[in-house]
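Enquirer: One structure is given below, represented as structure tokens, and several questions about it will come after.
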Amino acid sequence: YNVTAIGANAFSGCKKLKSVSIGKNVESIGAKGFANCTALGKISIPSKVSKIGKQSFFGCKKLKDITIKSTKLTSKSVGAKAFQGIHTKAVIKVPKQKKPAYRKLFQSKGIAKKVKIK
């Protein structure tokens, strides 16, 4: 079977989860999918992802390394507070052509101003 979605609350509160590499066929991450995963430090989001639910990475205090390969994310497809509460010195790597748009998008979805978008 090909996994195409991560459901709501799928990994919510997993305190020992440190790193996640989401499969290449995943198209959506549900609401609170990884919320309050306090040890999570690194995540890679593949190119097919077009939806990130509200509070997906909310409260992931140690989340410092985020790689986003998708170019399909918009203000309507990324939920409220999706990235609120991640590490204040986090670095989010995004596709070059989407850098300005994603900077504005992620700031509206809860990242701190010190978070770097590369």
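The values are calculated or read from the model by the stated rules, or taken from the named source; none is laboratory data. What you see is a predicted model, and the numbers here were worked out from it, not measured in a lab. Accessible surface areas use protein heavy atoms only, side chains included; no ligands, DNA or RNA. Shrake-Rupley method; radii C 1.70, N 1.55, O 1.52, S 1.80 Å.
Enquirer: Considering amide H positions built from the backbone, and no H for Pro or chain starts, which residues 5 or more places from residue 45, or on another chain, come under 5 Å of its amide H?
Expert: HN-HN under 5 Å from residue 45: 67, 68, 69.
Enquirer: At 1.4 Å probe radius, can you tell me the per residue accessible area of the chain in Å²?
Expert: Ligands and nucleic acids excluded, the result is 57 Å² per residue.
Enquirer: Here's another thing I want to ask about it. Between their Cα atoms, which of 24/62; 24/72; 18/61; 51/118 are more than 18 Å away from each other?
Expert: In this structure, 24/62; 51/118 lie more than 18 Å apart at Cα.
Enquirer: Per residue, what volume in Å³ does the Cα convex hull of region 2-118 take up?
Expert: Dividing the Cα hull volume of region 2-118 by its residues yields 76 Å³.
Enquirer: On to the next question. Can you give me the C-alpha center-to-center distance between region 6-74 and region 87-116, rounded to a whole angstrom?
Expert: 15 Å
Enquirer: With all protein chains present, how much of the accessible area of the chain (probe radius 1.4 Å) comes from carbon and sulfur, to the nearest whole percent?
Expert: 52 percent
Enquirer: Taking N as the number of residues in region 66-118, what is its Cα Rg relative to 2.2 N^0.38 Å?
Expert: 1.00
Enquirer: Now, a different point. If you plug each phi of region 86-98 into the Karplus form 6.51 cos²θ - 1.76 cosθ + 1.60 with θ = phi - 60°, what whole-Hz ³J(HN,Hα) values come out, in order, with x for Gly and Pro?
Expert: Here the 3J(HN,Hα) series is 6, 4, 5, 10, 5, 10, 10, 8, 10, x, 3, 5, 9 Hz.
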